[in-house]
Amino acid sequence: MKKPTPYLRFSALLVASSCMSFTLACNAETPEEELEPWQQAQKTEVWEPVPPVITAKPGQPPSDAIVLFDGNDLSEWESANDGGKAPWTVDADGAMTVAPGTGGIRTKRSFCDVQLHLEWRSPAEIRGEGQGRGNSGVFFQERYEVQVLDSYENETHPNGQAASVYKQSIPLVNASRPPGEWQTYDIIYMAPRYSETGGLIKQGTVTVLHNGVLVQNHFKIQGTTEWIGPPQVEPHGCAPLYLQDHGDKVSFRNIWIREIEEL
Ligand code: MG
């Protein structure tokens, strides 16, 4: 609904102050049918809280995002093996690439509810098949994997293909681009909630856009994404974002994250 003009807002103030000063009939007491349309409209207007202003320029992270990788260095990341320097390579083209065998990397910061943007690329040269082709993964809170895999004309179990919630949720469509091309993930992740005694109060959820296409729609995460066996439910707090070394030279670029906070 359009905001009222300043004149109308001023008139509304007069009506309100009349009500207070002289206990005259005001909007709340005036029969609905006697109110002007703008007075009726005002009843459902909410003016607070006012959302904070940010800037969101095309092709750039929003101004309130934490940039996790901008092509320059891995200063936001550490080795998931020992907490030391992140062992992956930073390439001349502004990408970082898995150094196979060195293990995954994780953010130094911990996160809870987030919006994540990242771009990834599986190797142009096709090696292997199925799960052995361009495999990596984006793990929220070090536990819940949104699969990264070269799933372009590469048959595998669908609950393990690109943009699956690994072994839990098959993507709605396969929006994969050919190997060697950059692809995007835009993900809304809401962390699970636990009681003080460790009971699960609320499941975590994940919504994924793969190359701009909805592939996971508010999926309720069942627990940890296990290679073998069922998901495990384990209480935890905020935790790092983790990227997987699965032995393939998968690259990443333009990684930013926004912490989701209630207004
Ligand atoms: Mg993986």
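Over the chain, with a single point scatterer placed on each C-alpha, what log10 of the ratio I(q)/I(0) does the Debye formula yield at q = 0.16 1/Å?
Scattering profile of the chain, log10 relative to I(0): -1.16.
Describe numerically, in nm with one decimal, the distance between label points set 7 Å from Cα along Cα→Cβ at Val233 and at Glu129.
Reported label-point gap for Val233 and Glu129 is 3.9 nm.
Leaving out ligands, DNA and RNA, what percent of the accessible area of the chain is carbon and sulfur, probe 1.4 Å?
53
Where does the charge balance sit around Gly160 when Lys and Arg score +1, Asp and Glu -1, over other residues with C-beta under 10 Å from its C-beta?
Here the count lands on 0.
Sorted from largest down, give the three principal axis spans of the alpha carbons of the range 107-258, whole angstrom values.
If we take the Cα atoms of the range 107-258, the spans are 49, 31, 27 Å.
Kindly count the pairs of lysines across the chain whose alpha carbons are less than 15 Å apart, treating pairs on different chains or eight or more residues apart as eligible.
Lysine pairs meeting the criterion: 5.
Relative to the Cα centre, what is the charge dipole magnitude of the chain, using +1 at the beta carbon of each Lys and Arg, -1 at the beta carbon of each Asp and Glu, and rounding to the nearest 20 debye?
Taking the Cα centre of the chain as origin, the dipole is about 140 debye.
Just check the range 53-110 against the gyration tensor rule for me: Cα atoms, a ≥ b ≥ c as the square roots of the eigenvalues, rounded for a/c under 1.5, and otherwise prolate or oblate depending on whether a/b exceeds b/c.
Note, shape of the range 53-110 comes out oblate.
For the range 32-188, report the translational diffusion coefficient in µm²/s to the nearest whole number, using Stokes-Einstein at 20 °C, 1.002 mPa s, and a Kirkwood Rh over Cα pairs. Please report the intermediate quantities before stating the final value.
Values: Rh = 18.6 Å.
Diffusion coefficient, whole number: 115 µm²/s.
Take each of the peptides 162-172, 229-239, average the number of other beta-carbon atoms within 10 Å over its residues, and list them starting from the highest.
162-172, 229-239
Indicate the gyration tensor shape class of the range 214-263 (rounded, prolate or oblate), computed on the Cα atoms with a ≥ b ≥ c the square roots of the eigenvalues: a/c under 1.5 is rounded; otherwise a/b larger than b/c is prolate and the rest oblate.
On the way: a/c = 1.59, a/b = 1.02, b/c = 1.56.
Here the range 214-263 falls in the oblate category.
If I model a spin label as a point 7 Å beyond the Cα along the Cα-Cβ vector, how far apart are those points for Arg193 and His218 in nm?
1.5
With a 1.4 Å probe and every protein chain left in place, work out the accessible area per residue of the chain in Å², rounded to a whole number.
I get 56 Å² per residue for this part.
The values are calculated or read from the model by the stated rules, or taken from the named source; none is laboratory data. Just so we're clear, the structure is a prediction, and the values are computed from it rather than from any experiment. No Cβ is skipped: glycine too gets one built from the backbone with ideal geometry, and neighbour counts run over all protein chains shown. Side chains are part of the model used for accessible areas, which takes the heavy atoms of the whole protein and leaves out ligands, DNA and RNA. Shrake-Rupley method; radii C 1.70, N 1.55, O 1.52, S 1.80 Å.
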